[in-house]
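Engineer: This is the structure I have questions about; it appears just below.
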Amino acid sequence: MRRASAPRAALLSPLTTAGRADEVVHRVGKAIELGLLVDGEQLPTEVEFANQLGVSPMTLREALAILRRQGLVETRRGRTGGTFVRHPANPPVEEMAERLQAIPVSALRDLADEQLAVSGLSAKLAAERASRAGVRRLLTLVDQLASAGGLGARIRADSRFHIEVAIASQSERLTRLEINLQAETAGMLWLPYGTEPRLGDVVADHHAIATAIAEEDGEQARLLAERHVQRNLRRLTELHLLLAERGSTEGEIDS
């Protein structure tokens, strides 16, 4: 049960703000994007879901209407009806690009510093604490990424792997931090600009981390996880500069 509830709790817990519809859209949308809500899964009733998120039913209905327009949920009528999750095959690339372009390079370094600390320690502790089921789950996610047929599937398998490493560490705090980091950066690494990341290289990184965890080699798992984060930082920095240059060129054309 912990595997199913702990990751969701970080994004689907009661809102700490005034309970605005856009915050609900962000939280639920991220849970879908990261694969924390399964494709085809039925969401709770409006009253139950509103209570879970700490918002009014009216606010939730407004948020669900936006999510429907975004193609992230669908509502069916009748006795077997309700609101169901839909995993998009093609996530909003331009939206992700705009989000990355808006992050200063210094903030990207700060994100990477936090990711280094969280991912490195999570991998080390996972090597010491992971159950056999947890290790099997990591290896399954490696296979899922290798066979992912579209951008959305790659993003979900990539993010879920890192979240599962944190879960395997059996640290709720590290798990919450990893989920928040994935929610902030998910998908940006896979933007189809510049030199795109080779799927085989990412799969090899994940497999090496999972193998070190399976072999209970904490220091190796930590080292591999940190190297993976550093490679990701280089990719994000290159993408950021490329997008900034593209934006500048487009601005000159418009003027």
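The values are calculated or read from the model by the stated rules, or taken from the named source; none is laboratory data. Model, not experiment: these values are computed from the prediction. Every residue, glycine as well, gets a Cβ built from its backbone with ideal geometry; the counts of neighbours run over all protein chains shown. Calculation scope for accessible area: heavy atoms of the full protein, side chains included, ligands and nucleic acids excluded. Shrake-Rupley method; radii C 1.70, N 1.55, O 1.52, S 1.80 Å.
Engineer: At 1.4 Å probe size, with every protein chain present, just tell me what the per residue accessible area of the chain comes to in Å². Working shown, then result.
Structural biologist: On the way: 13060 Å² over 255 residues.
For the chain, the solvent-accessible area averages 51 Å² per residue.
Engineer: Continuing with the same structure: Simple spin-label model, 7 Å along Cα-to-Cβ: Thr195 to Ala117 in nm?
Structural biologist: My value for the distance between the label points is 3.1 nm.
Engineer: Can you compute the charge dipole magnitude of segment 156-226 about its Cα centre, using +1 on each Lys and Arg Cβ and -1 on each Asp and Glu Cβ, nothing else charged? Give it in debye, rounded to the nearest 20. Kindly include the intermediate steps, with their values, before the conclusion.
Structural biologist: Values: 6 positive and 13 negative charges, 61 e Å.
Dipole size: approximately 300 debye.
Engineer: With the cut-off at 1.5 for a/c, could you classify segment 133-255 from its C-alpha gyration tensor as rounded, prolate or oblate? Don't skip to the end; give the middle numbers.
Structural biologist: On the way: a/c = 2.30, a/b = 2.07, b/c = 1.11.
It comes out prolate by the Cα gyration axes.
Engineer: I would also like to ask the following. Just how large is the dipole of segment 134-177 about the Cα centre, in debye to the nearest 20, putting +1 at every Lys and Arg Cβ and -1 at every Asp and Glu Cβ? Walk me through the intermediate numbers first.
Structural biologist: Working: 7 positive and 4 negative charges, 17 e Å.
My answer is approximately 80 debye.
Engineer: Same structure again: Ignoring ligands, DNA and RNA, please state the percent of accessible area on segment 58-153 from carbon and sulfur, probe 1.4 Å. Provide the component values of the computation, followed by the final result.
Structural biologist: Details: 2630 of 5310 Å².
That share works out to 50 percent.
Engineer: Now a separate question. Would you calculate a helix-derived [θ] at 222 nm for the chain, using -39,500 (n - 2.57) for each DSSP H run of n ≥ 4 and dividing by the full residue count, to the nearest 500?
Structural biologist: Working: 11 runs with 178 residues, N = 255.
Using -39500 (n - 2.57) per qualifying helix, the result is -23000 deg cm²/dmol.
Engineer: Continuing with this model, one more query. Using the Cα centre as the reference, give the magnitude of the dipole from point charges on the C-beta atoms of the chain (Lys, Arg: +1; Asp, Glu: -1; all else neutral), rounded to the nearest 20 debye. Show your work: numbers first, answer last.
Structural biologist: Details: 32 positive and 35 negative charges, 208 e Å.
Rounded to the nearest 20 debye, it is 1000 debye.
Engineer: Let me ask you something else. Within the set of other residues whose C-beta is less than 15 Å from the C-beta of His87, count the net charge using Lys and Arg as +1 and Asp and Glu as -1. Working shown, then result.
Structural biologist: Numbers: positive: Lys30, Arg68, Arg86, Arg154, Arg156, Arg160; negative: Glu33, Asp39, Glu41, Glu74, Asp158.
So the surrounding residues net to +1.
Engineer: How much length, in nm to one decimal, is gained on full extension between Glu238 and Asp39, taken as 0.36 nm per residue of separation minus their Cα-Cα distance?
Structural biologist: On the way: separation 199, 0.36 × 199 = 71.64 nm, distance 3.24 nm.
So the chain would gain 68.4 nm between Glu238 and Asp39.
Engineer: Quick one: what Rg and Dmax do you get for the chain from the alpha carbons, in Å?
Structural biologist: Every Cα atom of the chain included, Rg and Dmax give 18.8, 60 Å.
Engineer: Right, here's the next one. With N denoting the number of residues in segment 56-141, provide Rg(C-alpha) divided by 2.2 N^0.38 Å, to two decimal places. Show your work: numbers first, answer last.
Structural biologist: Working: Rg = 19.7 Å, N = 86, 2.2 N^0.38 = 12.0 Å.
Against the empirical 2.2 N^0.38 Å value, I get 1.64 for segment 56-141.
Engineer: Can you give the local net charge around Val118? Use residues other than it whose beta-carbon is closer than 14 angstrom to its beta-carbon, Lys and Arg +1, Asp and Glu -1.
Structural biologist: -4
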